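Right, one structure below, let's go through it.
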Amino acid sequence: MSEYHIPVMPTECMDALDVKQGKLYFDGTLGGGGHTSEILKRGGRVIATDRDMEAIDYSRMRLSQISDYNGRYTLVKDNFKNVSDVLKSHEIDSLDGAILDLGISSHQVDENLRGFSYSGDGLLDMRMDRDQYLSAMTVVNEYTEDELSRIIYTYGEERFARRIAKKICEIRVGSPIETTKQLSDIVKSCVPESKHGNPAKKTFQAIRIEVNNELSGLGEAVCDIVEALKPGARIAVITFHSLEDRIVKQTFKTLATDCICDKSLPVCICNHKASVKIIGKYKPSTSEQTANSRSKSATLRVAEKLNRA
């Protein structure tokens, strides 16, 4: 599966999920099918979603070449945030495990035509789902200076956000900003050089998150997946930046806590009961980081569904 995307921490994920033959697992971020393939290799069954039809087509082609996998996987073009509807439409009542590998695939980054890369040159796009209207070109050319500044600061944690937004608005007056190279050059002219990689990285991340609405509903989706898990089943979530990791961490913490009332209250009135126990947090090994530099920022968090009966 490495031609399309190199899955991060595949062994750690499979160990965390404790994949068993015949059991059913949800892969909410199919990509190149790396994690799905690992589950199938261990005898499991998979229902997987992805917003990107290229990912669905590629994975279907690759998985179909292994006869032993036939009949054990279902691939659905959808957002993992719609997990409840996806499971219902396929008459699935419960899951034996689930995995989310958030962020973007290597293919999306490497394919200049997709417009995700700040080091390549292609039309500004950044849509995971190419059927949707909103693209990076729309954001860059139609959002107000204040909106751009807010997005770049909030989703990119870029301290030069206002300067970048102002420059974008000045440049686009003459003609639309249409390519990734144009945008990257604009950002570089606003941000001092640093030892910490390409100065356009944070801005591109911010616009990508806005285009794909990546953070909204993430916590709720994790809760929906946990709701669908059988007691003792686990959810594994891989994040690649602090914003999404913070959401996953806080969601796990809330789900693992009995009372979530304001601590100033003398008695509990929420009646909230913990539904998971947190298993752990993991980082890629040194050897994996060396072999796949894109894994360096990854964090794997694992939680297990409690039996509250």
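Among the residues of region 223-240, are any assigned to a helix (DSSP H, G or I) and among the acidic types (D, E)?
Scanning region 223-240 turns up at least one residue that is assigned to a helix (DSSP H, G or I) and among the acidic types (D, E).
Does L17 fit the bill of being of a type in the set (A, V, I, L, M), at pLDDT 95 or above, in contact with a Lys or Arg (Cβ under 9 Å, 6 or more places away or on another chain) and buried (at least 22 other Cβ atoms within 10 Å of the Cβ)?
yes
Can you tell me which condition G97 does not meet? The list is (1) touching a Lys or Arg at 6+ places or on another chain (Cβ under 7 Å); (2) in a helix (DSSP H, G or I), and all the others hold.
Tallying (1) touching a Lys or Arg at 6+ places or on another chain (Cβ under 7 Å); (2) in a helix (DSSP H, G or I), G97 fails exactly one: (2).
So if I check each of S287, S297, which one is in contact (Cβ under 8 Å) with a residue 40 or more places away in the chain and either assigned to a loop (DSSP other than H, G, I, E, B) or surrounded by fewer than 13 Cβ atoms within 10 Å (Cβ to Cβ) (or both)?
Unique residue meeting the criteria: S297.
Any residue that is free of Cβ contacts under 8 Å to residues at least 24 places away in the same chain, part of a helix (DSSP H, G or I) and in the same structural domain as I164 (by TED's automatic domain parsing) - is there at least one of those in region 188-200?
yes
Could you check, for region 204-220, whether at least one of its residues is among the basic types (K, R), closer than 20 Å to D50 by Cα and buried (at least 18 other Cβ atoms within 10 Å of the Cβ)?
Yes - at least one qualifying residue is present in region 204-220.
Quick check on my filter: what residues within region 171-206 are closer than 20 Å to D110 by Cβ and of a type in the set (G, A, S)?
S184, G197, A200
Looking at region 292-309, which of the residues that are within 24 Å of K277 (Cα to Cα) and small (G, A, S) is modelled with the lowest pLDDT?
Residue satisfying both the conditions and the ranking: A309.
Being of a type in the set (A, V, I, L, M, F, W, C), modelled with pLDDT of 95 or more, within 30 Å of L229 (Cα to Cα) and under 18 Å from the mean Cα position of the chain (by Cα) is true for just one of I99, I104. Which residue is that?
I99
The values are calculated or read from the model by the stated rules, or taken from the named source; none is laboratory data. Quantities reported herein were computed from a predicted structural model and do not represent experimental measurements. Backbone-built Cβ (ideal geometry, glycine too); neighbour counts: all protein chains shown.
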